[in-house]
Structures are given as C-alpha cells and as structure tokens.
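Visitor: The structure's right below; bear with me while I get my questions together.
The values are calculated or read from the model by the stated rules, or taken from the named source; none is laboratory data. Predicted, not measured: the structure shown is a model, and the values here were computed from it. Note that each Cβ is placed from the backbone with ideal geometry, even for glycine, and that neighbours are counted across all protein chains shown.
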Amino acid sequence: SANTDSLLTGQVLHFDGNPFEQGQQAAKVERRGAVLIRDGKILDSGATERLVAEYPTAQRVDYGDHLILPGFVDAHVHYPQTGIIASWGKRLIDWLNSYTFPEEMRFADRSYADEIAERYLDLTLSHGTTTMASYCTIHPESVDAFFTAAQQRGQRVIAGKTCMDRDTAPAGLRDTAQSAYDDSKALLDRWHGVDRLSYAITPRFSPTSTPEQLRALGALWGEHPEVLMQTHLSEQVDEIEWVKSLYPGARDYLDTYEAYGLLRPGGLFGHAIHLEPRERDRLREVEAALIHCPTSNTFIGSGLFDMDGLSRAGHRIGLATDTGGGSSFSMLRTMASAYEVAQLRHRPLHAAELLYLATAGSAHALRMGDKIGNITPGMEADLVVLDLASTPDIAQRASQADDIWEAVFPTLMMGDDRAIHSVWINGSCRKAVD
Ligand code: GUN
Ligand code: ZN
C-alpha cells in the first residue's frame, strides 16, 4: 500500500530491447532517476522529479550517483559445489571424479545440505545475484534444502534434482530411471509455483544417464511442459567423444537429448561450446537457451563460446557462473570473463551487452523476462545498487569517464562484492553498505 512505498533514487538502468539486436541504445540510463516499489513490485520508474511529486509519502532512499539496475540472474549454477570451488588442476571428467562427486555425496545429509544452501545464498547475495537456476544433487533432500532457504529469503529461484543412473557415476551417487522420474515428479508437485520457486527437470548430462533415464525424464517433461529442463551440452572435446562411444546411434551430442524428448522450448543447455551445424540449427528452431559460463570454460579449459555467431543467429543466451566449475560467485567477474572470451574471438562485447546478458538476457533465457531482469512497471522488485567507484583503482579510472558506459565498464572488469552497495529482493533491502 502507499504508506509502505519505497522510492529509490540514483542513476537507473533499464532495457527497451536487446542490445545485441538494437545496439547500445536499447539500454537506457536515467541520470537522475527513481524507482517506486510497492508490495514487492516496481510500480513506476522514471525521472526523480516526477516520482517525488507523484509519491510524496513514499520512503525515500537516495543512492546519489550509484547505478540502480536489475538484480543479477545467474542462469546455471551448482550450489552443492560451493565448498569445492577453485579446485586445482583438472579437466572436466577428472574434475568431476576427483572433486565434485565426493562433495555431492555429502548431500545425503540434510543438515549439510541446509548449511551449504544458506552459505551459497549468503555469498551470492553479497555479489548481487537475486535469481539463479541451480542443480542440486541426486538426493531429494538437497532440493528441499535449497528451496526452503530461498523461500525464506523471498527469492525467485529455479532448481532440480540432478539425475544420474549410469555406472559412469560412482555408486552412492546414482538413482534409477524409475526413481529419478518418481522423485523429480514428487519434487515438482511439492515446489513448482510455490511462492517464487520453480522446478527444473535436471538430467546431469547424457554420459551419466542411461537412455532409459533420459526417456523417463523426457516423458515427465512431456507431462509438465510448463517447467524448464536443464542439462549440459558439448562442454569439452573429450566429453563429446565419450558421448559418441556411449550413444553410438546418436547423430551428435544434442541428439542424445532430442531422441528422448529432451529438446523443447524451455530447455537450458549449459556451455554449448563445440556445436555442430545441425545442433545449432535445431537449438535455434526450438528456441532452447544456451547458457554461457565463461569463468568455468577458461578455468576447466573447455573452450571459447561463440557469442558473436550464436547471438547473430538469434539464439536465446544466458550468462552464468557455473559455480563451482566456474571460479567465482560474482556476475561482475563473470561479465569480465565473458568480455575476455569474446575478445579472444575478436568481438568485444559492449558494457550494455554484458549487463543485458547478466540481467534481462538471462531472465529471457529462463523464460522469466516478464517478471525479472528489468526495471519497468509490473516487474518484481529485485534490484542491485552498484557503487561505480568502490575501490581506488576503479575510482581513478571512472573519474575520467566521458559517458555512463565508460563509467560502468571499470566496475564490470575490476569490481567485486565491494561494488555491490545494496541489494533489494522482492521489494525489501537485503544488503546495505553504509
Ligand atoms: N558436466 C556434467 N556435470 C558437470 C558439472 O557439475 N560441472 C561442469 N562444469 N560440467 C559438468
Ligand atoms: Zn554445470
């Protein structure tokens, strides 16, 4: 109601369109801007002068020259890998066996899952991430732990039980085709659409599933086409060879999903680096989303995502940390890494494009672009307030900026959690630095 309105003032960023299609002018910054929040939603935004006059009883929070933007949306993470982030020296398959699988086994213990879910959400809050799509482990309790923690914080999150039933995964970390179907269905029924929580059907990737399991999960998705499906695709060259040997009849890696009902709108394919032309065409046709995880791709040594070619072809593309294959919880660090990967392919991404990927672009990839990822009336009030001079090294560069993009770019390249001045989730301030 009007007497609990919050009026945030500062520089305000929003998107009128997609900067990959319309150029940087699709991103607009109001120098003396304001956002009016009522009942957890953005009711109005625009020039400070107008909003101050129209909402005289609102609680004013003045952020000065700080930049108010949509909360960051991390489109692919593994919250259970929080404790093993930054593990040294392995490539994908050895990294999974050496670090990831032993850690994921610990999530059979609900109290450990609760502890890590809380820790993960605390860490990502400090980095300004308000929504994420997370893998859990094969244990249904790991899903309950994550959704319970996010629900208490009023966060919009997506999560699902990771499914693995093949002997390529270790004993102790395997389900079956039937139990994966049953457990996923029970979790979907329990959580999907409750408050701001959404379920995603989550086969880890085709090397750790039997065809029977992929078929069972494809059937479940057919029964619930309203939910998302998240998995991994063509991350490393060795992995693609492995998939070929495990699925000798498949035309390519994507076909191992397609053949079992796991290629539809609402599919989220993590990494998608080494794609064949047929795979690109089919992903584009069904409007599945590709999730770019740059710090992971350099850290695990996977390869360079083709942002230029895929965005030109009109793919839905999200941006993600891929914690803990990725080496950071921060979407600022992830934007810097996306910039560097794109530079290695000779296509510098503009600050407006980077910020789009980290907010509206990821929200669009998650099919939540009508709810989060932008600052326009009707959107849910998940916001980040960026200090564009958070450290001396950033401040000295930003002070010489000629325009807003030059003022923001040093924070995208060099900023960390000190640049995240405040975070609003569902209309409430959850992080505030003074
Ligand atoms: N492929 C299958 N599982 C994983 C995972 O946990 N992390 C990454 N980076 N790739 C994967
Ligand atoms: Zn992943």
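Visitor: Do any residues in the stretch 15-32 that are within 12 Å of A351 (Cβ to Cβ) have Cβ atoms under 6 Å from those of residues that are hydroxyl-bearing (S, T, Y) and not in a loop (DSSP other than H, G, I, E, B), where the two are at least six apart or on different chains, and which pairs are they?
Guide: The qualifying pairs are P19/Y356.
Visitor: Residue check, S134 against (1) surrounded by 20 or more Cβ atoms within 10 Å (Cβ to Cβ); (2) of a type in the set (S, T, N, Q); (3) assigned to a helix (DSSP H, G or I), all met but one. Which one?
Guide: (3)
Visitor: Looking at the stretch 120-141, I want the residues that are on the phi < 0 side of the Ramachandran plot and have a partner that is at pLDDT below 95 with Cβ atoms under 9 Å, at least 6 apart or on another chain. Which pairs are those?
Guide: L125/K431; S126/K431
Visitor: So which of R251, R264, R278 is within 21 Å of the chain's Cα centre (by Cα) and away from ligand 1 (no atom under 16 Å from the Cβ)?
Guide: One residue alone meets the criteria, R264.
Visitor: Separate question: Determine whether the stretch 245-252 contains at least one residue that is more than 16 Å from ligand 2 (Cβ to nearest atom) and of a type in the set (A, V, I, L, M).
Guide: Looking for residues that are more than 16 Å from ligand 2 (Cβ to nearest atom) and of a type in the set (A, V, I, L, M), one finds at least one in the stretch 245-252, hence yes.
Visitor: Spot the failing condition for P102; the list is (1) away from ligand 1 (no atom under 11 Å from the Cβ); (2) farther than 30 Å from G40 by Cβ; (3) in contact with a strand residue (DSSP E or B) (Cβ under 7 Å, 6 or more places away or on another chain), and only one is missed.
Guide: Tallying (1) away from ligand 1 (no atom under 11 Å from the Cβ); (2) farther than 30 Å from G40 by Cβ; (3) in contact with a strand residue (DSSP E or B) (Cβ under 7 Å, 6 or more places away or on another chain), P102 fails exactly one: (3).
Visitor: Filter the stretch 396-431 down to the residues that are more than 25 Å from the chain's Cα centre (by Cα) and over 17 Å from Q11 (Cα atoms) and list them by number.
Guide: Q396, R397, Q400
Visitor: If you don't mind, another one. When you check A313 against the structure, is it aliphatic (A, V, I, L, M), surrounded by fewer than 18 Cβ atoms within 10 Å (Cβ to Cβ), more than 16 Å from ligand 1 (Cβ to nearest atom) and modelled with pLDDT of 95 or more, yes or no?
Guide: The answer is yes for A313.
Visitor: Among the listed residues M413, M368, which satisfies the condition of being in contact (Cβ under 8 Å) with a residue 40 or more places away in the chain, surrounded by fewer than 24 Cβ atoms within 10 Å (Cβ to Cβ) and more than 30 Å from G301 (Cα to Cα)? Steps first, please.
Guide: Numbers: M413 fails: more than 30 Å from G301 (Cα to Cα).
Residue meeting the stated conditions: M368.
Okay, residues lined up against (1) within 16 Å of ligand 1 (Cβ to nearest atom); (2) among the basic types (K, R):
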| position | (1), (2) |
| --- | --- |
| R110 | no, yes |
| Y120 | yes, no |
| T137 | yes, no |
| E141 | no, no |
| R153 | no, yes |
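Visitor: Regarding the stretch 284-298, can at least one residue be identified that is acidic (D, E) and either buried (at least 24 other Cβ atoms within 10 Å of the Cβ) or within 16 Å of ligand 2 (Cβ to nearest atom) (or both)?
Guide: no
Visitor: OK, next. Any residue in the stretch 167-181 that is within 10 Å of S209 (Cβ to Cβ) sitting within a Cβ distance under 6 Å of a residue that is in a helix (DSSP H, G or I)? List the pairs, counting only those 6 or more apart or interchain.
Guide: Filtered contacts from the stretch 167-181: T168/P207; T168/T208; A169/T208; A177/E212; A177/Q213; A177/A216; A180/Q213.
Visitor: Just to check your reading of the model, which residue among Y55, Y79 is more than 20 Å from V384 (Cα to Cα), crowded, with 17+ Cβ neighbours inside 10 Å and in the same structural domain as A381 (by TED's automatic domain parsing)?
Guide: Details: Y79 fails: in the same structural domain as A381 (by TED's automatic domain parsing).
Only one candidate qualifies: Y55.
Visitor: Scan (1) more than 12 Å from ligand 1 (Cβ to nearest atom); (2) touching an Asp or Glu at 6+ places or on another chain (Cβ under 7 Å); (3) aliphatic (A, V, I, L, M) for the single condition L290 breaks and write down its number.
Guide: The one condition L290 does not meet is (2).
Visitor: Run down S245, S296, S302 and say which single residue is more than 15 Å from ligand 1 (Cβ to nearest atom) and among the hydroxyl-bearing types (S, T, Y).
Guide: Unique residue meeting the criteria: S245.
Visitor: Still on this model: Have a look at G303, G314, G318 and point out the one that is of a type in the set (G, A, S), within 16 Å of ligand 2 (Cβ to nearest atom), part of a loop (DSSP other than H, G, I, E, B) and not assigned by TED's automatic domain parsing to the domain that holds V384.
Guide: That would be G303, the only listed residue that is of a type in the set (G, A, S), within 16 Å of ligand 2 (Cβ to nearest atom), part of a loop (DSSP other than H, G, I, E, B) and not assigned by TED's automatic domain parsing to the domain that holds V384.
Visitor: For the stretch 1-110, list the helices (runs of 4 or more DSSP H) that sit wholly inside it and hold at least 2 residues that are within 16 Å of ligand 2 (Cβ to nearest atom); which are they? Spell out the reasoning first.
Guide: Numbers: elements: 19-22, 48-54, 92-95, 101-105.
By residue number, 92-95, 101-105.
Visitor: Further, regarding this structure: Mind listing whichever residues of the stretch 263-277 are away from ligand 2 (no atom under 16 Å from the Cβ) and more than 15 Å from A75 (Cβ to Cβ)? If you could, list the steps in order and put the result at the bottom.
Guide: Within the stretch 263-277, the subset away from ligand 2 (no atom under 16 Å from the Cβ) is 263-266, 275-277.
The answer is L263, R264, P265, L275, E276, P277.
Visitor: All but one of (1) at negative phi; (2) surrounded by 22 or more Cβ atoms within 10 Å (Cβ to Cβ) hold for D322, so report the exception by its number.
Guide: (1)
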